[in-house]
1. What dipole magnitude, in Debye to the nearest 20, does chain B give about its Cα centre under +1 on Lys/Arg Cβ and -1 on Asp/Glu Cβ?
2. Quote the accessible area belonging to B:THR308 in square angstrom, nearest 10, computed with a 1.4 Å probe and with ligands, DNA and RNA left uncounted.
3. In region B:414-503, what trypsin sites (Lys or Arg not before Pro) fall in a loop by DSSP, with at most 10 other Cβ atoms inside 10 Å?
4. Please work out the C-alpha center-to-center distance from region B:373-394 to region B:397-448 and express it in whole Å.
5. Go through B:ASP119, B:ASP241, B:ASP279 and list them by solvent-accessible area, largest first, probe radius 1.4 Å.
6. Given a Förster radius of 51 Å and the C-beta distance between A:LEU49 and B:LEU324 as r, what FRET efficiency does 1/(1 + (r/R0)^6) yield to the nearest 0.05?
7. Hey, got the average number of other protein chain Cβ atoms within 10 angstrom for residues in B:57-63?
8. Among B:LEU345, B:GLY333, B:PHE363, flag the residue with its Cα farthest along the positive direction of the charge dipole of region B:249-370, charges on Cβ as +1 for Lys/Arg and -1 for Asp/Glu.
Amino acid sequence: MKTLSDVKPGETVTLVKYHDTGDVDLRRHLLGMGFVRGAQIRVKQVASLGDPIEMTIKGYDVCLRKEEAKNIEVE
Amino acid sequence: MTELIVGLAGNPNVGKTTVFNQLTGMRQHVGNWPGKTVERAEGHFSHGDYDYDVVDLPGNYALSAHSMEEIVSRDFIVDDDSDVIVNVVDAANLERNLYLTVQMMELGANLVMALNMNDFAKKKDHIIDIKLMSELLGFPVIEINAKTKDGFEELLTTVEKASKNPIDSSEKLSYGNEIKGHLASIQELIEQDSSLLDVPSIWTAIKLLEKDSIVIEKVQQSSKSSQIMVEVDKVASHFYDVYQEGAEEVIANARYSFIDGLMAEAVKRPAVEKETTTDKIDRIVTNRFLAIPIFIVIMYLLFQLTFTIATPFVDLIDAGFAALGEYLAEAVGNEMLGSFLQDGLIGGVGGVLVFLPQIILMFLFLSILEDSGYLARAAFTLDKIMHSLVGLHGKAFIPMILGFGCGVPAVMATRTMENESDRLLSMMLIPFMSCTARLPIYSIFIAAFFTANQGLILLSIYLLGIVVALIVAGILKRTMFKGLSAPFVMELPTYKVPSVKGVLLHTWEKTKGFLRKAGTIILGAAIVIWILSYLPMGVEYGSQECVLGMIGTAIAPIFAPLGFGTWQAGIAILTGLVAKEVVVSTFATLGGLEEDDEEGVTQLVHDTFTPLSAYSFMAFCLLYVPCFASLGAIKQESNSWKWPLTMVCITLVTAYIVSLLIYNVGLLAGFG
Ligand SMILES: Nc1nc2c(ncn2[C@@H]2O[C@H](COP(=O)(O)OP(=O)(O)O)[C@@H](O)[C@H]2O)c(=O)[nH]1
Ligand SMILES: [Mg+2]
């Protein structure tokens, strides 16, 4: 099982589901930003200090911290 | 003339404010939403037979009860008697922009879409069939260019037409038969209570499924509430059985499938997206190895440009006010009135107005950094440091750094942070960054005691400020600001050339706010300090015999444990509240010296302090209550007296504890 925090820069993945452990408010926010099941996510790069991660989803760029990305299952 | 109330709604960075500025120009007012720290910009203009009242709503991705900004926007759409909502949309980023549009449709808003950023869409080879899109959405879609005002005429006439025939935009929304059927079963119950029908029932049904706290509370007032909630639970668990997902996800998916359908029909996109200019710039600017050096260079430039360009103007204003004060004092002839004008009014207000050049420049550069899209990249690069050290957002870094220059623009710079608790916490930390006004204090004391290792002592003071800020942040984060941490989901907008008009208007707005404050709060404080220094009649201004001197004498014992329990130090600390550099001139006055007699002041300091108590006093000056100007800025930015007062308490306690530790540990270590 792979989460968004494990994805290497340059890879493209598909969102499978959210883990139940994640914050509900955050999930609601992410849903609004396009993080829905089936969405294509391409990881662009990791910040200089190893966190956060920059990615492209639905045609725009967004960044997430690893602790938030690890609740999102991808394939 | 017909009055038209229009709200501009949309995602962040789509050009709402640019449209707003183009329409209203200087006829705008920027304040806060009643009782909230969210900025509210409102403006007027007329077009044909219409008097427009336009409100620039906060940029949102959704309309949940998630943040103040989102609540403000949806309340405006629901409650205010707005005639039309203009949804400004980034054509190059349609999919995500439409997610908000769809939610406004759920609210049945009387919508007109202003499709902006078409130049970017063209560069990405996205071709949008506007007519078809308008048909599918059920409301007008107008192509505009916010920067050149192309399409504005058509937009305004469309808005005027829409105001005459309001539509219910929820009609064209379709979420598929399965979901529609279940929503209908909830809607049916909602529609039995007319008190719930101020918004379309589909909106209430959806918000209940999304567990929206505000809507749930409202429905609980209804006589039908138990039936409605039972039905909502039933539908939610049914959704879970069918889709293996929570109701919120099911609804979000439904919205996106509606959007996907619309995109498939009305938008042509290349199979593989082209690499954009933003991608190319980002390969350098957010590059793992280059990002930090680039940030340091930009911050260095920001700092240097702000403070070096400002310095001659600051000196000019300073000299101008000093001359004006002297001239007035002489011209008036009357000793008391003269002193009031020179020491009280001109001294107090002039002492604050000298910050004006710095403030103007800082806002100029900061607006450029923000509008160009760089600020978001800096936050991305620095988030790790800020987050692991103090639990703050990456954007908090910039106000902190500016704080080393001057606390006033630094407090104002916290505006770039969207999250309210992050903004407040960073404001609380800014005073610990040693601003340039405190430098004269250190110079005097270092000259008197620490000539051997000046640089080291000065550096230690600056570092002390940073370390204390980190500790205080850690404590505040675990107490006052507990659990308020915002997750870091930040859009990195495409790089853009900022619009000159936007940058200038923004700078002007901020400057105006600062001037207004200087004219009220700071003027008042300056007058109070003058009265206390002048009374009782006949004593020398600001001496031990005046009221301020008496207070200084009375509070002196409080500072004895810190090593500087003298009345002179007491008075200096009190007058330092106006502005920190006043501490030095107070010592001069008290010693009966000319204000710029540095040697005399150094001698005086040498006689009244020991090296250890001098260091303790410097630490106290570093950490205690920032000047009136920055307290005023905090009052203005936080829209409440609570935060400047909190800051006074936090800084006093912190300063006392730190100086107490320094002095007593120093004594034990034999530095007495
Ligand atoms: N190229 C281009 N830039 C635009 C257009 N509209 C706005 N901008 C720029 O986009 C940036 C963000 O605009 P702003 O009005 O602050 O967006 P807001 O966050 O929605 O208020 C500014 O730098 C504008 O100058 C447009 O149609 N084309
Ligand atoms: Mg704006």
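The values are calculated or read from the model by the stated rules, or taken from the named source; none is laboratory data. Since the model is a prediction, treat every value here as computed from it, not as a measurement. Note: ideal-geometry Cβ built from the backbone for every residue, glycine included; neighbour counts use all protein chains shown. To get the accessible areas, we keep the full protein, side chains included, count just its heavy atoms, and leave off ligands, DNA and RNA. Shrake-Rupley method; radii C 1.70, N 1.55, O 1.52, S 1.80 Å.
1. Working: 46 positive and 73 negative charges, 298 e Å.
Result for chain B is approximately 1440 debye, rounded to the nearest 20.
2. 80 Å²
3. Numbers: sites: B:ARG415, B:ARG423, B:ARG438, B:LYS477, B:ARG478, B:LYS482, B:LYS496, B:LYS501; in loops: B:LYS482, B:LYS496.
Of the trypsin sites (Lys or Arg not before Pro), the ones in loops of region B:414-503 whose Cβ has at most 10 other Cβ atoms within 10 Å are B:LYS482.
4. About 17 Å separates the Cα centre of region B:373-394 from the one of region B:397-448.
5. Working: B:ASP119 80, B:ASP241 110, B:ASP279 30 Å².
Solvent-accessible surface, decreasing: B:ASP241, B:ASP119, B:ASP279.
6. Working: r = 51 Å, r/R0 = 1.00.
Efficiency for this residue pair is about 0.50.
7. On the way: counts 0, 0, 0, 1, 6, 5, 1.
Counting other chains' Cβ atoms within 10 Å and averaging over B:57-63 gives 2.
8. Selected residue: B:PHE363.
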